[in-house]
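**Student:** I am attaching a structure below and will ask some questions about it afterwards.
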Amino acid sequence: KAAMRHRTSEIELCREIAGGNMDAIKKAIGKKGFNPNMLSEDNSNSILMLACARGHAASVKALIKAGADVNYKAKDSRSVLHKAIEADNAEIITILLKAGAVKQQSLPHTRCGLVPQAQQRLGPAACI
């Protein structure tokens with residue numbers, strides 16, 4: 001039962017992150033044993049990826065500060081940075097790069113791992 005309750009609270013936190021609820025995120029981060037690299041409901045994407053995909057810059061900053069891995073890759077080889085790029089969110093892309101996200105994380109369907117909009121936004125240096 002305890003494991004079930006724990007997983008239920010993780011799912012609830014994922015929903016709060018998806019909604020950008022900073023009060024709930026801060027409360028979760030403050031709890032002993034909080035895992036900033038927890039996986040979302042699909043068990044592939046990290047909660048940081050979820051925040052990036054939803055465009056919640058404040059959540060992204062809080063999770064990075066709590067120790068989230070900015071270079072985590074999901075089962076499909078997409079990284080946290082890919083999620084921000086796919087969401088076309090320049091603010092979050094910049095936050096991740098400043099936090100140490102690796103630019104060159106190739107995917108089979110793109111020249112350097114960045115979608116065309118991001119290649120334009122970040123310039124040729126993004127593919128080096």
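**Student:** Students often forget the sequence filter, so: which lysines lie under 30 Å Cα-Cα from K98 once same-chain residues fewer than 8 apart are removed?
**Tutor:** Here the lysines satisfying the reach criterion relative to K98 are K26, K27, K31, K32, K61, K65, K73, K75, K83.
**Student:** Multiply the residue gap between S77 and T94 by 0.36 nm, knock off their C-alpha separation, and tell me the result in nm, one decimal place.
**Tutor:** 4.1 nm
**Student:** Put a dot 7 Å past each Cα toward the Cβ at A57 and S9; how far apart are the dots in nm?
**Tutor:** According to this spin-label approximation, the distance is 3.2 nm.
**Student:** Moving on. Keeping every protein chain in place, order V60, V102 by accessible area at 1.4 Å, biggest value first, i.e. largest first.
**Tutor:** Ranked list, largest accessible area first: V102, V60.
**Student:** Let me ask you something else. Please report, as a whole percent, how much of the solvent-accessible surface of segment 54-95 comes from carbon and sulfur atoms (probe radius 1.4 Å). Please list the in-between numbers first.
**Tutor:** Working: 820 of 1880 Å².
Summing carbon and sulfur atoms, their accessible area is 44 percent of the total for segment 54-95.
**Student:** In Å², what does the accessible area per residue of segment 48-93 work out to with a 1.4 Å probe?
**Tutor:** Here the per-residue accessible area is 41 Å².
**Student:** How many nm is it between the label spots at E41 and V102, if each spot is 7 Å from the Cα in line with the beta carbon?
**Tutor:** 3.1
The values are calculated or read from the model by the stated rules, or taken from the named source; none is laboratory data. Please read all numbers here as calculations on a predicted model, not as lab measurements. Positions of Cβ are backbone-derived with ideal geometry, glycine not excepted, and every protein chain shown enters the neighbour counts. Remember, those area values only see protein heavy atoms, side chains included, never the ligands or the DNA or RNA. Shrake-Rupley method; radii C 1.70, N 1.55, O 1.52, S 1.80 Å.
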